[in-house]
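One structure is given below, encoded as structure tokens.
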Amino acid sequence: MLKIGDNLPAFAMENQNGEVVTNESLLGQKTILYFYPRDNTPTCTIQACDFNDNLENLNDLGVQVYGVSGDSKTKHTNFINKHNLKFDLLVDENYQYSETLNIYRMKKSFGKESMGIVRTTIILDEENKVLAYFDGVKVKQQMEEIHKVLK
């Protein structure tokens, strides 16, 4: 699990348009990478819309936002269009990067255990060092926690 001050491990993932985003392309600006289980599920939709509603404020603080899940480019595009999202969603194909970060792991949902992405938000500084790491995010409190870190 990443800790505050750690360097973000290298990655290369495609966004919904097939453009490759890498850890190096994040340099020079604070970044929020939030990992979520699936497009168009109730809690994931609330979370994405919360980021979208707060995006202008986050951008004013010099922060860019990326959502990450194992869904395809097509599913990401549909999710973006359906909810008018104004930030990119990255494809973590076969959950490779989520596994590297220990975010894809056994979890319990509705009393049932299964492998999946544990809702996680990582805030990075301009040099890809971890400013904050939220594991098992509670969506309703997330934005308040993020603003505490960024102010």
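The values are calculated or read from the model by the stated rules, or taken from the named source; none is laboratory data. This is a predicted model, so every value here is computed, not measured. Cβ: placed from backbone, ideal geometry, glycine included. Neighbour counts: every protein chain shown. Protein only, heavy atoms only, side chains kept; ligands, DNA and RNA dropped before computing areas. Shrake-Rupley method; radii C 1.70, N 1.55, O 1.52, S 1.80 Å.
Shown here for the range 96-151: chymotrypsin sites (Phe, Trp or Tyr not before Pro) in loop regions (DSSP other than H, G, I, E, B) with at most 16 other Cβ atoms within 10 Å, namely F110.
A cut-off of 5 Å between modelled amide H atoms, ignoring neighbours fewer than 5 places along the same chain, links V68 with Y34, F35, Y36, L90. Taking N81, N128, N15 as the candidate residues, the one with maximal mean-square fluctuation in a Gaussian network model of the chain, Cα springs under 10 Å, is N81.
Calculated [222 nm] ellipticity per residue, helices only, for the chain: -9500 deg cm²/dmol; basis is -39500 (n - 2.57) per DSSP H run with n ≥ 4, divided by all residues, nearest 500. Summarise the accessible area of the chain (1.4 Å probe, protein heavy atoms) by the percent that is carbon and sulfur. Percent of accessible area from carbon and sulfur atoms in the chain: 46. Out of Q64, Q16, Q141, any idea which swings most in a Gaussian network model of the chain, alpha carbons joined below 10 Å? Checking each option, the largest mean-square fluctuation is seen for Q141. Couplings 3J(HN,Hα) for the range 57-72, derived from phi with the Karplus relation 6.51 cos²θ - 1.76 cosθ + 1.60 (θ = phi - 60°), are 4, 5, 4, 4, 8, x, 10, 9, 10, 9, x, 9, 8, x, 5, 6 Hz, where x marks Gly and Pro. Net length available on complete extension from N17 to M115 is 32.6 nm, with 0.36 nm assigned per residue and the Cα-Cα distance removed.
Less than 5 angstrom separates the built amide H of A132 from those of I123, all sequence-distant by 5 or more or on a different chain.
Of all the options D88, D39, D53, the one that moves most in a Gaussian network model of the chain with Cα springs shorter than 10 angstrom is D53. Averaged over its residues, the chain has an accessible area of 53 Å² per residue, based on protein heavy atoms and a 1.4 Å probe.
Placing a pseudo-label 7 Å from each Cα along the Cα-to-Cβ vector at T74 and K3 gives an inter-label distance of 4.4 nm. Of [x] 0.95; [y] 0.92; [z] 1.03, which one was derived for Rg/Rh (Cα atoms, Kirkwood Rh) from the structure shown? After the calculation, the listed value that fits is [y].
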